[in-house]
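Structure first, then comments.
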Amino acid sequence: MKGILLAGGASSRLYPASKVTSKQLLPVYDKPMIYYPLSTLMLFGIREVLIISTPIDTPNIEMLLGDGSQIGMKISYKIQHVPKGIAEAFTIGADFIGNDEVCLILGDNIFAFAGQEQDFMSAVAKAGNNATVFGYHVHDPERFGVVEFDDTGRVLSIEEKPKEPKSNYAVVGLYFYPGDVVAKASGQKPSARGELEITDLNKTYLAENRLNVVKIRRGAAWLDAGTPDALLESANYVAMMEKRQSLKLACIEEIAYNKGFIDKAQLQKLIDELKDCDYKKYLQFVHNGG
């Protein structure tokens, strides 16, 4: 399975903080925001990732992450010149995807799965040739794409930012699709606002009875860090969790080591290249078996 990390957009909700840098490079507590969605792909075992961003921001993201080889991954880049919707990621990344299964994650979405990622991957595997998205219980569903279920848990509808939501389950920015997603996205018509809407793509799979919605259970967290308040909330959440557990969230070097993407010698090389800081001390703790 391949991964796409969509890190484009104008980031206007975070202006002026995002005026001269990508929002995905803004810090969420002690790490750049992009570490969090990238770490989610890594936790799902995905090692080949395409990052899509703007002409201005792509060089800086590439300066941060390179080709991914240092963490045992293969990272490539493509430019989204004008934001034309989330589903455009599949047409931009068509050559990268080919006919493979693909996971798309939004660059401002932060997940803490509390050990549930293996259950979620099992659900994706069981879905077979279906698409799989995730529903998260929220108090303000009118801000999101909302899933309606029947009494048996079967999906009845998905509606984008409804005035009268039919449930409290929002579709989060993490999507798994089978190999026909490029063809479906390429044949999709733009919405009234001129974008290829991810909700419309999901409706296509739903109409074919090929949409699997997995509810994220209690204990896991989902944060959309795309506004000033949400960015602060995300940073506070990460700080609280890390201080309480003495373990870091979204430490991509640690995940690469624990997943077997890199060995102990490669981890030490990464540690040696860091300047003295708490992050370096933490990685040394991991290296020493902590």
Which of the lysines could be linked to K281 by a straight reach, that is with a Cα gap under 17 Å, when you skip same-chain ones fewer than 8 residues away? K31, K243, K248, K264, K269
Whole-Å distance, taken between Cα centres, linking region 217-274 and region 15-62: 13 Å
If the viscosity is 1.567 mPa s and the temperature 4 °C, what translational diffusion coefficient in µm²/s does Stokes-Einstein give for region 177-290 when Rh comes from Kirkwood over Cα pairs? 71 µm²/s
Note the per residue figure in Å³ for the convex hull of the C-alpha positions in region 127-206. 97 Å³
Highest-first arrangement of 256-265, 149-158, 163-172, where packing means the average Cβ count within 10 Å: 163-172, 256-265, 149-158
Using a 1.4 Å probe on the protein chains only, how many percent of the accessible area of region 30-158 belongs to carbon and sulfur? 51 percent
Per residue solvent-accessible surface (Å²) - region 111-255, probe of 1.4 Å: 50 Å²
For every helix of n ≥ 4 consecutive DSSP H residues, a contribution of -39,500 (n - 2.57) applies; sum these over the chain, divide by its total residues, and give [θ] at 222 nm rounded to the nearest 500 deg cm²/dmol. -9500 deg cm²/dmol
For region 1-127, inverting the pair-averaged 1/r of distinct alpha-carbon atoms gives a Kirkwood value in Å of 15.1 Å
Choice from R218, R143, R244 with maximal GNM fluctuation in the chain (Cα, 10 Å cutoff): R244
For a distance above 30 Å, tell me the whole-number percent of Cα pairs in the chain that qualify. 28 percent
Can you pull the accessible area of M241 for me, 1.4 Å probe, Å² to the nearest 10? 40 Å²
Just to be sure I follow the rule: in region 75-218, considering lysines 8 or more places apart or on different chains, how many pairs have Cα atoms under 23 Å apart? 20
Give me the base-10 log of I(q)/I(0) for region 1-61 at each q in 0.14, 0.17, 0.20 Å⁻¹, Debye formula, one uniform scatterer per Cα, rounded to two decimals. -0.40, -0.58, -0.77
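The values are calculated or read from the model by the stated rules, or taken from the named source; none is laboratory data. No experiment lies behind these values; they were computed from the predicted model shown. Every residue, glycine as well, gets a Cβ built from its backbone with ideal geometry; the counts of neighbours run over all protein chains shown. Side chains are part of the model used for accessible areas, which takes the heavy atoms of the whole protein and leaves out ligands, DNA and RNA. Shrake-Rupley method; radii C 1.70, N 1.55, O 1.52, S 1.80 Å.
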